[in-house]
Every structure is written in structure tokens, then in C-alpha cells.
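Below is one structure, written out as C-alpha cells; comments come after it.
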Amino acid sequence: MRSFFKLPPNDTATRSSGITSTNLSNTKKMNAREQNLQERTQPTIAGEVRVSSSPFFSFFNADNMEIMKQYPDKYFDLAIVDPPYGLGDRLTSGGSSSKYIKQQTENVKKWDIIPTKDYWNELFRISKNQIVWGGNYFADYLGSFRCFIYWDKTIHGNSYSDGELAWTSFDKPSKYYRKNIATITSEGRIHPTQKGIGLYDFCIDNFCNAGDKILDTHLGSGSIALAIDKANKLDNMNLEFVGIELDTEYFNAAVNRFRMAHAQSCLSF
């Protein structure tokens, strides 16, 4: 697992006047990335929120249908999405012991509605490939597939589910990811269906190429943005990201979480 805050292992520069050759090298890399990004043609969309010093990230507090329709066909290389599963009261029917989940149940009912066919049509129109968490709930829209991802939460019988399944559009062998769901609490839970940063690290490592444009139509906790930020800083992936979230409270929490993590990681370079 990559560390979010550590310096590259080849940092042997001596520190004089607070400046290192590694710092200068990384600054040059960041400037080159920003220049490359600015040269790319992107749609101009009202309501976009950008985080200072993060030109690779765009966030929208809006209806995802309104945002998606403004992008051209196949604009995104990959959509990694985690739409509402439509579980309602069944969200905790597996016996979740999380006080946070139980407290959020009533709020979840307000937005836990399975996306319509129009959503799926638009998602497939603007993205070349897709990873859909909870794919087993959307079988009517996704069809058959070869490659799935299974997340084993490891706490079997003591969670609202032992694991989760993601449908993918990739023609490659299926993937297995094992990580204790309790790690999400240690990362700071701000959303009832929050995925861990490590899960998105796994998706990036196995399904993304350098320079890809990535879309998340249900930003939620924003864990995906933190994983992409890591990949850009530590692996020079140059990934572009667009995240959309309708709920203002969740949106503000996710963007604030990203701002804090991004600022802290910058201090390590």
C-alpha cells in the first residue's frame, strides 16, 4: 500500500535554506502537469468547484444528469460510480453495529433511490469504461459481464454485508480485494455508505492508465478523490477527476476532506 505522506524513497537531497533538490524536482513536475492540463480542451460548465493548487480536480454540487449531459460522447476514460442501492430499511438488516449507520438511516431514505434508465444511458454515453459498485442491484441496466470486483470486508457476520460486488465493463479476469471495513472509521466516516481510500487505490492500480479522465457521479465521502490525488503525486498518473454530489451537506464535507488531505500531502513534498 502506498503511503499518502511519505517522500519518494530516492530522496537523498540535503536540506539547505529549507529547499531540497527533491522539492524543486516535484515543483517542476507539478508545474508541467498544470501546463499540460491547461492545454487540454475541456467543457466549460457552470457551478464547477475547484480546489486551489489542484487543477486536475473538478467538483459539482448538482444533479448528475444536468452535469453529464454537458459532456461529449466518450469524454471520460473511466466512470467509477457507487449509486444508491435502493435498500431503505434493509441497509442495516444484516445487523450493522455502527451507531453512525443507524443514526443516518432516516436521512438515507431521502436519497437511496436506484437511478433510472436515463441515468445509465447517459453514463454509458460519456464514458468508455465503467466500474459500478453494487452492480448486483442494477442487473436490469448493466447486462452480462466478465470482470467483477469483490470486496471482502473480513468482518463476516458482524456487518450489514460480508462483502460488496462491483460490475465492470472490462474484458479481463475478475479481481478480489480484501480489507477490513473498520478501516473506514479510522479514515473519518462522513457518509453512511462510505468506501475506503484503499478500495479506490485498488481500482486505480488495476484499471486506470496514466492520463485517464475519471468520473464519479455520486461523490459521497470523496474517498475516490483522495486516492486519485495520491496516484497523481506519488505515481505521476496525471489523472483528471470530476466528482458530482447532489446532497449539499455531503458535498461540503467531501470537498473539505479533500482540501485538508491535499494540503497535508503537499507539505510532504
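The values are calculated or read from the model by the stated rules, or taken from the named source; none is laboratory data. None of the values given here were measured: they were computed from a predicted structure. Please note: Cβ atoms are built from the backbone with ideal geometry, for glycine as well, and neighbour counts cover all protein chains shown.
The set of residues in the stretch 219-259 that are more than 13 Å from the chain's Cα centre (by Cα) and among the small types (Gly, Ala, Ser) contains only ALA253.
Only strands (runs of 3 or more DSSP E) whose full extent lies in the stretch 128-204 are considered here, and the ones with at least 3 residues that are under 25 Å from LYS117 (Cα atoms) and touching a helix residue (DSSP H, G or I) at 6+ places or on another chain (Cβ under 7 Å) are 163-168.
Residue-level check: of (1) surrounded by fewer than 18 Cβ atoms within 10 Å (Cβ to Cβ); (2) outside any helix (DSSP H, G or I), GLU249 misses just (2). Right, ILE126: out of contact with any Pro (no Cβ under 9 Å at 6 or more places or on another chain) and of a type in the set (A, V, I, L, M) or not? So ILE126 fails the test.
Take ASP140 and decide whether it is modelled with pLDDT of 75 or more, acidic (Asp, Glu) and crowded, with 18+ Cβ neighbours inside 10 Å. Working first, answer last.
Numbers: modelled with pLDDT of 75 or more: yes; acidic (Asp, Glu): yes; crowded, with 18+ Cβ neighbours inside 10 Å: no.
It is false that ASP140 is modelled with pLDDT of 75 or more, acidic (Asp, Glu) and crowded, with 18+ Cβ neighbours inside 10 Å.
Cβ separations smaller than 8 Å between residues 6+ apart or across chains give the following pairs from the stretch 236-263 residues that are farther than 26 Å from PHE207 by Cβ and of a type in the set (Lys, Arg) to residues that are modelled with pLDDT under 95 and not in a helix (DSSP H, G or I): ARG259/VAL51.
For the subset of the stretch 222-246 comprising residues that are in contact with a Gly (Cβ under 9 Å, 6 or more places away or on another chain) and among the acidic types (Asp, Glu), which member is surrounded by the most Cβ atoms within 10 Å (Cβ to Cβ)?
Filtering the stretch 222-246 down to residues in contact with a Gly (Cβ under 9 Å, 6 or more places away or on another chain) leaves 222-225, 227, 237-240, 243, 245.
This time we only want the ones that are among the acidic types (Asp, Glu), so: 240, 245.
Working: GLU240: 21, GLU245: 25.
Only one residue tops the list, namely GLU245.
Collect the residues in the stretch 210-222 that are more than 17 Å from ILE67 (Cα to Cα) and either at pLDDT 95 or above or in contact with a Ser or Thr (Cβ under 8 Å, 6 or more places away or on another chain) (or both), keeping them in residue-number order. Matches in the stretch 210-222: ALA210, GLY211, ASP212.
Comparison of ALA32, ALA46 shows that the only residue that is outside any loop (DSSP other than H, G, I, E, B) and modelled with pLDDT under 95 is ALA32. Given the criteria loosely packed, with under 13 Cβ neighbours inside 10 Å, hydroxyl-bearing (Ser, Thr, Tyr), modelled with pLDDT under 75 and outside any loop (DSSP other than H, G, I, E, B), does THR27 qualify? So THR27 passes the test. Sort out which residues of the stretch 105-127 are within 18 Å of GLU245 (Cβ to Cβ), assigned to a helix (DSSP H, G or I) and at pLDDT 95 or above, and write them in order of number. Answer for the stretch 105-127, where residues must be within 18 Å of GLU245 (Cβ to Cβ), assigned to a helix (DSSP H, G or I) and at pLDDT 95 or above: TYR119, GLU122, LEU123, ILE126. Within the stretch 146-162, residues that are closer than 16 Å to GLN194 by Cβ reach partners that are modelled with pLDDT under 95 and among the small types (Gly, Ala, Ser) with beta carbons closer than 6 Å, at six or more positions or on different chains, in the pairs TRP151/GLY163; LYS153/SER159; LYS153/GLY163; TYR160/GLY94; TYR160/SER96; SER161/GLY94. Among the residues of the stretch 252-268, is there at least one that is among the hydroxyl-bearing types (Ser, Thr, Tyr), surrounded by fewer than 15 Cβ atoms within 10 Å (Cβ to Cβ) and touching a Phe, Trp or Tyr at 6+ places or on another chain (Cβ under 9 Å)? For the stretch 252-268, residues among the hydroxyl-bearing types (Ser, Thr, Tyr), surrounded by fewer than 15 Cβ atoms within 10 Å (Cβ to Cβ) and touching a Phe, Trp or Tyr at 6+ places or on another chain (Cβ under 9 Å): present.
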